[in-house]
Amino acid sequence: MKTAVIYTDGSQECERIAQLLRSLPDVSEFLEYQLGKDFESYQFQQEFGCDATYPQVSIGNTHVGSMKETLQYLKGRGMFV
């Protein structure tokens with residue numbers, strides 16, 4: 001079982017990925033950090049770089065990346081079809 005972490009700005013894409021991560025059987029814990037509540041924009045840029053987009057996802061000890069990268073990661077591991 002793994003922990004999934006998402007950094008979100010509240011967009012539709014973030015909400016969709018959050019729902020998907022919550023539904024995965026391999027995810028035992030889900031943590032969601034929201035822009036303006038849990039972190040500020042400059043902190044996001046320091047952590048992920050100036051070109052990073054929302055959402056940013058980590059699963060277990062692996063930083064997966066953006067929405068597209070997360071979908072590819074999950075599909076490649078048979079966690080999502």
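The values are calculated or read from the model by the stated rules, or taken from the named source; none is laboratory data. It should be emphasised that the depicted structure is a prediction, and the values quoted were computed from it without experimental measurement. Don't worry about glycine lacking a Cβ; one is built from the backbone with ideal geometry, like all the others, and counts go over all protein chains shown. Each accessible area value is taken on the protein alone, full model and side chains, heavy atoms only, with ligands, DNA and RNA left out. Shrake-Rupley method; radii C 1.70, N 1.55, O 1.52, S 1.80 Å.
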Report task. Check residue 45 against each of (1) in contact (Cβ under 8 Å) with a residue 12 or more places away in the chain; (2) over 11 Å from the mean Cα position of the chain (by Cα) and name the one condition it does not meet. Result -> (1)
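Take the range 15-32 and flag every residue that is over 17 Å from residue 62 (Cβ atoms) and either open to solvent by 60 Å² or more (accessible area, probe 1.4 Å) or in contact with a helix residue (DSSP H, G or I) (Cβ under 8 Å, 6 or more places away or on another chain) (or both). Lay out the reasoning, then the answer.
Filtering the range 15-32 down to residues over 17 Å from residue 62 (Cβ atoms) leaves 15-16, 18-19, 22-23, 25, 32.
Matches in the range 15-32: 15, 16, 19, 22, 23, 25, 32.
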Query - Residue match in the range 34-41 (condition: under 17 Å from residue 15 (Cα atoms), buried (at least 17 other Cβ atoms within 10 Å of the Cβ) and at pLDDT 95 or above) - result: yes
